[in-house]
Amino acid sequence: MGRTDQLLKDLLNGDRAALARAITLVESTRAAEQEDARELLAVCASHARPGARIGITGIPGAGKSTLIDGLGMRMIEAGHRVAVLAVDPSSGRSGGSILGDKTRMERLATQEAAFIRPSPTSGTLGGVARRTRQAITLCEAAGYDRVIVETVGVGQSEWVVDRMTDLTVLLLVPGTGDDLQGIKRGIMESADIVAVHKADGADRSAHQRTRTELQQALTLLPPRPSGRRAEVVLSSALTMDGVAPLQDAIERLLIQDRDSGSQQQRRRHQDMEWLRTAADEEILAAFHADPTVQLLLREAQERLARGEGDPFSVSAALIAAFRKASAPPP
């Protein structure tokens, strides 16, 4: 591998700084670094250690980061090494992100057995950063056996996290209209556990009623690929009530899926989906890097700015030009 030999050695030894550098390399858009990243990922995939991938999703403000702080601490106490890939929304104007999740995981951030990596979405649909799937492989190669993916929480497109984790926890907040999430099939069908979060107010009966209603709503949805339906729990990161039962539910389902072969089947299906995604990304990158396309694209944008033509016919012409430019000589 050459340039990344030492980086790979340090990463496989569990060095957190090396893991951070490796993820930065994977996130790079430079052509030379992308080639290094592909070689690094190929080796790391063969060194990935058995573990669990857990998605935590829900609307902004649901308390995902605070809950992960409590869950992560309990996992470390149980002897696990925990990596958190926290995805923050990017600005549609500047492209920047606040990346403040680490500040909401105060206890976890101080642990030697924890690694927290905030990443911007960079416009990726579904609240999951473009390179999150690759970052999971790097974390597992570095010896983290519990990888938690925290999503932005943008709505029904959160199903994307279901394509890269073994288990998905959906956080809902009582009293904020979240009860209506029960009718949003896209997000509910992708959940293995539904946690009614911030259930720490005085009205415990209302929280229990919300739990019962959601459990009933879930019976109307098709079961998960594992054959079961999501279970509903009450939790509060503020008082830590329900965090232990939530962790127990997570570990129990992980063991069930591992023993039944459901986890392996789910990962194989995900690999096939990500093969298509990776191929799409490579083709798109090649399209935009093509000099002919770059020239024609600037000209097309100028024509559209003058009100000439339409985006659909112009895009078809661009694709035709790209095919011609990339076709092998006769």
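Just to be sure I understand the filter: pairs with C-beta atoms under 9 Å, separated by 6 or more residues or on different chains, first member in region 298-313 and at negative phi, second member β-branched (Val, Ile, Thr) and assigned to a helix (DSSP H, G or I). Which pairs pass?
ALA300/VAL314; GLN301/VAL314; ARG303/VAL314; LEU304/VAL314
Being closer than 23 Å to ILE56 by Cβ, touching an Asp or Glu at 6+ places or on another chain (Cβ under 9 Å) and of a type outside the set (Lys, Arg) is true for just one of ALA321, ALA249. Which residue is that?
ALA249 is the lone residue from the list that is closer than 23 Å to ILE56 by Cβ, touching an Asp or Glu at 6+ places or on another chain (Cβ under 9 Å) and of a type outside the set (Lys, Arg).
Taking interchain pairs and intrachain pairs at least six residues apart, which have beta carbon atoms under 6 angstrom, with the first residue in region 72-87 and part of a helix (DSSP H, G or I) and the second open to solvent by 10 Å² or more (accessible area, probe 1.4 Å)?
Correct list of pairs: MET73/ARG107; ARG74/GLN247; MET75/ARG146; ILE76/GLN111; ILE76/ALA113.
Given the criteria farther than 17 Å from ALA278 by Cβ, surrounded by 18 or more Cβ atoms within 10 Å (Cβ to Cβ) and among the aliphatic types (A, V, I, L, M), does LEU19 qualify?
Answer is yes for this residue.
Going through LEU8, LEU67 one at a time, which residue ends up being buried (at least 21 other Cβ atoms within 10 Å of the Cβ), touching a residue at least 24 places away in the same chain (Cβ under 8 Å) and not in a strand (DSSP E or B)?
After ruling out the rest, the residue left standing is LEU67.
Scan ALA300, ALA278, ALA317, ALA325 and give me the residue that is within 32 Å of the chain's Cα centre (by Cα) and in a helix (DSSP H, G or I).
Unique residue meeting the criteria: ALA278.
Can you tell me which residues in region 22-40 are open to solvent by less than 30 Å² (accessible area, probe 1.4 Å) and part of a helix (DSSP H, G or I)?
Correct list: ALA22, ILE23, LEU25, VAL26, ASP36, ALA37, LEU40.
Can you tell me which residues in region 208-262 are out of contact with any Pro (no Cβ under 9 Å at 6 or more places or on another chain), polar (S, T, N, Q), open to solvent by less than 80 Å² (accessible area, probe 1.4 Å) and within 24 Å of ALA78 (Cα to Cα)?
Result: SER236, THR239, GLN247.
Return the residues of region 49-64 that are under 14 Å from SER236 (Cα atoms), in contact with a strand residue (DSSP E or B) (Cβ under 7 Å, 6 or more places away or on another chain) and part of a loop (DSSP other than H, G, I, E, B); say none if nothing qualifies.
Selection gives ALA62, GLY63.
Restricting region 70-89 to residues that are open to solvent by less than 10 Å² (accessible area, probe 1.4 Å) and of a type outside the set (A, V, I, L, M), which is modelled with the lowest pLDDT?
Applying the filter and picking the extreme gives GLY70.
The values are calculated or read from the model by the stated rules, or taken from the named source; none is laboratory data. Keep in mind it's a predicted model, so treat the numbers as computed, not measured. Note that each Cβ is placed from the backbone with ideal geometry, even for glycine, and that neighbours are counted across all protein chains shown. Accessible surface areas use protein heavy atoms only, side chains included; no ligands, DNA or RNA. Shrake-Rupley method; radii C 1.70, N 1.55, O 1.52, S 1.80 Å.
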